[in-house]
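A quick write-up on the structure given underneath.
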Amino acid sequence: MDRTESPRCRGWLAATGTTVVLAVLSTLTVLGRADAIWPTGTLAVDAGVVLLSCALVPVVLRWPVPGALAMAALATISPAGTPGATFAVLRVAALRPLPMAVGIGAVGIVAHAAQGLLRPVPDLPYAWLVVIVVAAHAALVAWGALARQRSAVREERVRRAEEEQAERVAAARGHERALIAREMHDVLAHRLSLVATAAGALEYRPDAAPQQVARAAGIVRAGAHQALEELREVIGVLRADTDGDAPPQPTLSQLPLLVDESRDAGVDVHLDDRTRDHAPETLARTAYRVVQEGLTNARRHAPGLPVRVVLDGAPGDGLRVEVRNPVPLAAPASDQRGTGLVGLRERAASLGGRLEHGETREGDFCLAAHLPWPT
């Protein structure tokens, strides 16, 4: 940090500048009264008041009220103390509550009224002098109070801005956490469920043929490797804002591969794609995630039962994505809380669509997304 920006250095510069200005004003005040008929020795008194006023500047800057009282005492005995006394009144009004500023202003009025008696101004009646002094001190107190009020308003604005910034940062962090949770679930839940299905086959069928064991082990190995690759993709998505473009995300063009992976894990999946046009990238990515979540839930909650995937729609008509599977008679226990469905609902809503899920009259569980498809 530059030394000229330190608080101590700024305070020293302020005191020095104020002292120089006050010395000039006090000297001009003495010279302006040089034609007055003064008692003998007053010039020495005025010079001493100028020096004392300059010496009291640091006191006024640090302790405004005691400094103002001292300045008022100097103004009582010499006009050379007037600039310092008025500066002190203004300083108190700008930094202290209004009642205290009014009290210091009253002290200044009394001091200058006494000065008018001890050192009268030629050709100026004493009554007019008092009126001028009262008006001047009232203006100083009002000016300082206005400056204090403006400073308080600025501080309040700064405080509110800081609070709003803190709220925005907290909201951004919450959004980032939700994004991380959604991406981690969408990408890894499907892959790890495949691994779990294949590993379960190895656990419950230790007497299986060597070819089946090797096939299941291959699925586990390939699934674990693919999970690591997709984890790197998720990290790339989260770093996209700072590190450049995000890696490509899967869309409907990769849907056959997704279905084949489920089939390799022993799931009977029937894909019915009735679309004829290529959907926009964002729409296709959301549709892919819906199918991925539906297949994951089917393996988790209805293992061994067939799954039907239907895609239907066209530009202007919207896109319907449906994943349907029979509801098992005895559903396996699960401690999942539907995090994936929450993320899918947010994805669909961001496109202006909606997500539905639940049991149908036919006894199936259906996960369906209705997404707008612009022309």
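Check region 119-127 and report whether any residue there is modelled with pLDDT of 85 or more and assigned to a helix (DSSP H, G or I). Please lay out each step first, then the result.
Applying the first criterion (modelled with pLDDT of 85 or more) to region 119-127 yields 125-127.
Next, from what is left, pick out any that are assigned to a helix (DSSP H, G or I): 126-127.
Checked region 119-127: at least one residue is modelled with pLDDT of 85 or more and assigned to a helix (DSSP H, G or I).
Remark: Gly352 matches the filter, which requires a residue to be modelled with pLDDT of 85 or more, open to solvent by 40 Å² or more (accessible area, probe 1.4 Å), outside any strand (DSSP E or B) and over 16 Å from Leu255 (Cα atoms). So, Thr76, is that one touching a helix residue (DSSP H, G or I) at 6+ places or on another chain (Cβ under 9 Å), open to solvent by less than 80 Å² (accessible area, probe 1.4 Å) and either among the aromatic types (Phe, Trp, Tyr) or at pLDDT below 85 (or both) or not? Here the answer is no, as Thr76 does not meet what is asked.
Restricting to region 214-270, what's the tally of residues that are open to solvent by less than 30 Å² (accessible area, probe 1.4 Å) and at pLDDT below 80? Number of matching residues: 9.
For Ala111, are the conditions met, namely being in contact with a Lys or Arg (Cβ under 6 Å, 6 or more places away or on another chain) and either open to solvent by less than 50 Å² (accessible area, probe 1.4 Å) or among the basic types (Lys, Arg) (or both)? In short, no. Taken over region 45-73, residues that are crowded, with 18+ Cβ neighbours inside 10 Å, under 51 Å from the mean Cα position of the chain (by Cα), more than 13 Å from Leu95 (Cβ to Cβ) and not hydrophobic (A, V, I, L, M, F, W, C) amount to 1.
Could you pull out the residue among Arg160, Arg205, Arg177 that is at pLDDT 70 or above and either open to solvent by 50 Å² or more (accessible area, probe 1.4 Å) or among the hydroxyl-bearing types (Ser, Thr, Tyr) (or both)?
Arg160
Of note, Val107 does not satisfy the criterion of being modelled with pLDDT under 85, assigned to a helix (DSSP H, G or I) and of a type in the set (A, V, I, L, M).
So is Val121 open to solvent by 10 Å² or more (accessible area, probe 1.4 Å) and touching a residue at least 40 places away in the same chain (Cβ under 8 Å) or not? Spell out how you get there, then give the answer.
Numbers: open to solvent by 10 Å² or more (accessible area, probe 1.4 Å): yes; touching a residue at least 40 places away in the same chain (Cβ under 8 Å): yes.
In short, yes.
Of all residues in region 271-307, those that are surrounded by 14 or more Cβ atoms within 10 Å (Cβ to Cβ), among the charged types (D, E, K, R) and touching a strand residue (DSSP E or B) at 6+ places or on another chain (Cβ under 8 Å) total 1. When region 308-330 is limited to residues that are free of Cβ contacts under 8 Å to residues at least 40 places away in the same chain and farther than 16 Å from Thr251 by Cα, the one that is surrounded by the most Cβ atoms within 10 Å (Cβ to Cβ) turns out to be Arg308. Criterion applied to Val65, Val57, Val21 was being part of a helix (DSSP H, G or I) and modelled with pLDDT of 90 or more, and the one residue passing it is Val65.
The values are calculated or read from the model by the stated rules, or taken from the named source; none is laboratory data. Predicted, not measured: the structure shown is a model, and the values here were computed from it. All Cβ positions, even for glycine, are placed from backbone atoms using ideal geometry, and neighbour counts span all protein chains on display. Please note that ligands, DNA and RNA were not included when accessible areas were found on the heavy atoms of the full protein model with its side chains. Shrake-Rupley method; radii C 1.70, N 1.55, O 1.52, S 1.80 Å.
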